[in-house]
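Since the structure comes first, as structure tokens, the remarks are kept for the end.
We did not get these values from a lab; they are worked out from the coordinates using the rules stated. Since this is a predicted model, take the numbers as computed values, not measurements.
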Amino acid sequence: MTRRGILFSVFVLLTTTALLFGCSDTNVEEVDRGDAGATSEQPQMPDDEIHAGLTGATSSTAGITWTIPDAWNPGPERRMRVATYLIDEGVKEADCAVFYFGPNQGGSVEANIERWIGQFEQPDDSDSHEKAQIEKKTVNGLDVTTIELGGTYNASMGGPMSGNKEKRPGWHMLGAIVEAPEGPVFFKVTGPQETVLEATDEFDRMVGSVSVLGT
């Protein structure tokens, strides 16, 4: 084989590997999208009661915008996230992760809700489906699905291809999937139960602030 042929074969192999890495799993925690282009700006203080405690910065991606709770702090950049917000309401810190993977990417709402439920085990060995609180609603004209669930969280460790899990008993999750104009946007709070429960109102207000960009 000529040198040019060898180089072409290597290029094809690397391209194929990259595609398999990115598309083998639609779990929003395990798809690496890098910087998905969230932007921030300082808004005017809203008057609506739902925005109480939401006088800080806004973020936007996928054609929607939302207001970040004042008490939450921006976290370090994470290669699989649009944004990370740190929450230290309780004894231990939790965080809110925001994901967007592009139009028609990231899997269906139902598949991701099912996957999130599957990340939890119950101390009494009951079915996590029975404990999950799922709600579908419309927020400012956008379809939103929310979920709340607690138990032992099986956290992915070591990257998307490692398959390593760490069990974290007494954890809790608040999740929301917004069907944005340019594709689904995923909001997911995970952390120790006390911290997450104390942040529930702020999470609900943030989800309630979601609207189409420019409206």
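Summary of values
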item	result
Size descriptor, Kirkwood hydrodynamic radius, that averages inverse alpha-carbon separations across segment 84-168, Å	15.1
Lysines whose Cα lies under 27 Å from that of K92, excluding same-chain neighbours fewer than 8 positions away	K131, K165, K167, K188
Cα centroid separation, segment 165-205 to segment 105-158 (Å)	9
